[in-house]
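Student: Let me give you the structure first, and then I'll get to my questions.
Just so it is clear, none of the values below were taken in a lab; they were calculated from the coordinates. Bear in mind that the values here come from a model prediction, so they are computed numbers and not experimental data. In this analysis, Cβ positions are derived from the backbone assuming ideal geometry, glycine residues included, and neighbour counts consider all displayed protein chains.
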Amino acid sequence: MSTVPKGWFVVRDSLPETAGAPADAPESPGGHELRLDLWNGDLPDRLPDDLGPVIVTDRGGAISPESGARTIIRNRLCQRPAAWLDVDPLKDVPPAEGIPWILSRHLEEDSADVVNTVIQEARERGASAAKVVLPETTPLKRRLEVLLEAAKSDFPCVAFAMSRFNHADRLWAMELGQPWGYLNGDTPGNNVPGLPKGSELAQRYRWQNPGTDLNRYLIIGRDVRHSLSPDWHNRLFAEKGIAARFYPWSTDNPETDLQAWTESGFKPIQGLAITAPHKHWARQVGDGIHPDCELHSAWNTLVHNEGVYRGTSTDGPGALALFEVSLGGLDALQGKRAAILGRGGAAQSVAATLSDHEMEVVLHCRPGKLHESEVADERFTVSDQPAEIAAADLLINATGSDAANSPEWPWSLDLFRGEAALEMDYSRGETAFEKTLKEQRGMEVWSGFDFFASQACLQARHFYGIEVSLHAAIEMIRDIQHERARDNYPVIS
């Protein structure tokens, strides 16, 4: 048996219903972390013999009113093979003699050379391993430095930042050879912020073959924990046998983070999907993939190519592909009138693409919000007259809202008598925009999930040269939605 934990350990606030290695951990041997300070119900007198490896943690035990009784139980639970005690010397009762233990440091403020400092302390105190937990606000540059320092050490050490918005660095740490990591369990109960679930690791990230020599891709935005991009692309990687992984990375500083990654010495990020509010930043980063990219004021796709990033927007082509199916071909779209509700970067990208295919396009803003400079765009017009949607053949909602969640929604869908519609947002599930047009009008409406699938096909082509049919892409999204609903991930807390 290893003298230190190995693999993924599932955080528990109660004993699992069945003993043995955790079924929701995708990598063996793995084990369980028993959090006595979070325990649900009475603490056990002993552990099942076939429970498997365990880390026992009683965070804050030294200052808890129950510290005496809990410490006795804590030490007794560790009197078995394949058990380790996690101890933060600042908050926890010191380990009992003869129990293998991990020295943990949970930092409120980062400090230089913290990994070597903690490792040296762990050696001197007789710990089996060390754990360094960085503050949530730690920037990516520093996170990567610490991961690399821990990976190079000849003393077992894990390092990560406790964060509600990102867990990708925990995956990177394990890919670099970190001895163990932590997961939330799939059964109802305690969920630690920033931890993926076991089912999420297996299905969203396809961790069955973790690998180290991977091409890495990111979806970046202010908060992309819910993004479907990792699910969809990692599923395709697994099906095609591609050595790559797609991760979500929430950030307010994409340029700084991309530079930090480059300077770290890692293989460059091969592709980035970009969402709000960074699409205009992406437009400034590099060259266009093809001349038509210059039509778009905002990009949502960057591809690494010969040391530079080349960009484009898949918003317009993604919408075009869906309407092409609705109307039976590109020729049928010529001369059609499209009304786009909203005037942000995505709306303008769609407008540019549709107008380039000889369609008449009007961007609709709320009444009284029209600026004179917006009326002069030669590719499309802007209107603040809600009733004008009655003249449209195609209707597109690019507002990120609708009548169900916006008291100032000005557009009456009863006015629209066209042929097809598109909802561009999937973050809210089925919207009132979709439901109204489908159920009350019997109209064909492409959902935000369909729109994502259409764009994913284009990104697969740009990122790694694979062609995926629209039908196959939509079916993949349906499967992903089913898996997410069944296993309740990602956890947004």
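Student: With θ set to phi - 60° and the Karplus curve 6.51 cos²θ - 1.76 cosθ + 1.60, what are the ³J(HN,Hα) couplings of segment 447-463 in order, to the nearest whole Hz, using x for Gly and Pro?
Tutor: So the Karplus estimates, Gly and Pro as x, are 7, x, 5, 5, 5, 4, 4, 4, 6, 4, 4, 5, 5, 4, 5, 5, 6 Hz.
Student: Ok, one more. Past the 28 Å Cα-Cα mark, which pairs from LYS240/LYS336; LYS6/LYS152; LYS131/LYS267?
Tutor: Going by Cα-Cα distance, LYS240/LYS336 fall outside the 28 Å limit.
Student: Can I ask one more? Identify the residues of segment 226-247 with backbone N under 20 Å of a label point that sits 7 angstrom from the Cα of ASP479 along the Cα-to-Cβ direction, or state none.
Tutor: Backbone N within reach: 227-247.
Student: Check cross-link reach from LYS141 to the aspartates and glutamates: straight Cα distance under 15 Å, and skip same-chain residues fewer than eight apart.
Tutor: Hits, sequence-local ones excluded: ASP110, ASP113, GLU149, ASP169, ASP252, GLU255, ASP257, GLU263.
Student: Sort out for me the Cα centre separation of segment 29-57 from segment 90-112, rounded to whole Å.
Tutor: If you average the Cα positions of each part, the centres end up 19 Å apart.
Student: Could you rank the peptides 410-420, 231-241 by their average count of other C-beta atoms within 10 Å per residue, with the highest value first?
Tutor: 231-241, 410-420
Student: Check ARG59: other-chain or 5+ apart residues with amide H under 5 Å from its amide H, H built from backbone geometry?
Tutor: The list, which skips near neighbours in sequence, is LEU36, ASP37.
Student: Per residue of the chain, what 222 nm ellipticity follows from adding -39500 (n - 2.57) for every DSSP H run with n ≥ 4, rounded to the nearest 500?
Tutor: Rounded to the nearest 500, it is -9000 deg cm²/dmol.
Student: Let me ask something else. How much of the DSSP bridge set in the chain is antiparallel, in percent, rounded to the nearest 5?
Tutor: The answer is about 10 percent antiparallel.
Student: Another question, if that's okay. How high is the relative contact order of segment 122-198? Use alpha-carbon pairs under 8 Å, at least six apart in sequence, and give a whole percent.
Tutor: 26
Student: Report the relative contact order of the chain, percent, no decimals, based on alpha-carbon pairs under 8 angstrom and at least 6 residues apart.
Tutor: 9
Student: Okay, moving on. How much length is gained if the chain between LEU107 and HIS371 is pulled fully straight, taking 0.36 nm per residue apart and subtracting their Cα-Cα distance, in nm to one decimal?
Tutor: Gain on extension, LEU107 to HIS371, equals 90.1 nm.
Student: Kindly identify segment 301-451 as rounded, prolate or oblate by the Cα gyration tensor criterion: order the square roots of the eigenvalues as a ≥ b ≥ c, call it rounded if a/c is under 1.5, otherwise compare a/b with b/c, prolate if a/b is larger, else oblate.
Tutor: Rounded, since a/c falls under 1.5.
Student: Another question, if that's okay. Along the Cα→Cβ direction, 7 angstrom out, place labels at GLU439 and ALA387. What is the inter-label distance in nm?
Tutor: Calculated label separation equals 2.9 nm.
Student: Does segment 7-210 come out rounded, prolate or oblate, given a ≥ b ≥ c as the square roots of the eigenvalues of its C-alpha gyration tensor, rounded meaning a/c under 1.5 and, failing that, prolate meaning a/b above b/c?
Tutor: Oblate, because a/c is 1.5 or more while a/b does not exceed b/c.
Student: Here is a follow-up. GLU33's amide H: which non-local residues (gap 5+, or another chain) put their own amide H closer than 5 Å, with H modeled 1.01 Å from N in plane and none for Pro or chain starts?
Tutor: Those qualifying (amide H under 5 Å, at least 5 residues apart or on another chain) are VAL10, VAL11, ARG12, ILE55.
Student: Okay, moving on. Per-residue HN-Hα couplings for segment 232-244, Karplus 6.51 cos²θ - 1.76 cosθ + 1.60 at θ = phi - 60°, whole Hz, x for Gly and Pro?
Tutor: Karplus-based 3J(HN,Hα) across segment 232-244 equals 5, 5, 5, 4, 5, 4, 5, 5, 9, x, 8, 7, 8 Hz.
Student: Here is a follow-up. Rounded to whole Hz and in sequence order, give me ³J(HN,Hα) for segment 348-359 from the Karplus expression 6.51 cos²θ - 1.76 cosθ + 1.60, θ = phi - 60°, writing x for Gly and Pro.
Tutor: Rounded to whole hertz, the list is 5, 5, 5, 4, 5, 5, 5, 5, 5, 9, 6, 10.
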